1. R0 = 22 Å: FRET efficiency of Tyr128 with Glu54, Cβ-based, nearest 0.05?
2. Full-extension gain between Thr142 and Gln45, please, as 0.36 nm times their residue separation minus the C-alpha to C-alpha distance.
3. 5 Å is the cut-off here: which amide hydrogens, built 1.01 Å from N in the peptide plane, fall below it relative to Trp138, excluding neighbours closer than 5 in sequence?
4. Work out, step by step, the length gained on full extension between Val81 and Thr115: first 0.36 nm times the residue separation, then minus their alpha carbon distance; give nm to one decimal.
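Where a number appears in this text, it was derived from the coordinates with a stated rule and is not lab data. Fair warning: this is a prediction, and the values are worked out from it, not measured in the lab. Glycine gets a Cβ as well: all are built from the backbone with ideal geometry, and neighbour counts include every protein chain shown.
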Amino acid sequence: MSTIAPAGTAPTMSFADAMNASPPKDEAAATRAFKIKLSLNGVTQGYLGENDGEWAVLADANGALSLEWYPYNKVNYIRRVGTSRYMSVGTVGVNNGYVGFYGWSGAGQWTLEGTRLVGPNGQAMSIYSTDNAYIYCWNEYTVLDVTLES
């Protein structure tokens, strides 16, 4: 038995580059850019924005992020337009439930269920309070209605 790998099987990029590389996009399923408006009982609370740490926060219309659906392998991801940063939900320690933006290896699946945007942890987009403007996917907090605006 040979211990030499067959020609053409060697990696073409470093492991770190491979972890951050985007998958091929399903162009047939691509959508236009949108912004996420967040409401509670019909009253607009703000838009999905982000802070310097790439955590999702409640923002005004000027701070709203431009996002797009990023369908890949029958899963819908959400990506910041023009970047390789994908929306997901923290799952460890104090970051549990926080919505943030990650490289491809941290990307998570999103589902729009009526007016609720459900994250990869199976919980809906929410806010703890307007004083703490961080956006979560945590059903025990105040779940928000989502409108995708072009």
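1. Numbers: r = 19 Å, r/R0 = 0.84.
Working from the Cβ atoms, E equals 0.75.
2. Details: separation 97, 0.36 × 97 = 34.92 nm, distance 1.15 nm.
Extending this stretch completely gives an extra 33.8 nm.
3. Those lying under 5 Å, H to H, from Trp138 are Ala124, Ser126.
4. Working: separation 34, 0.36 × 34 = 12.24 nm, distance 2.21 nm.
Value of the extension gain: 10.0 nm.
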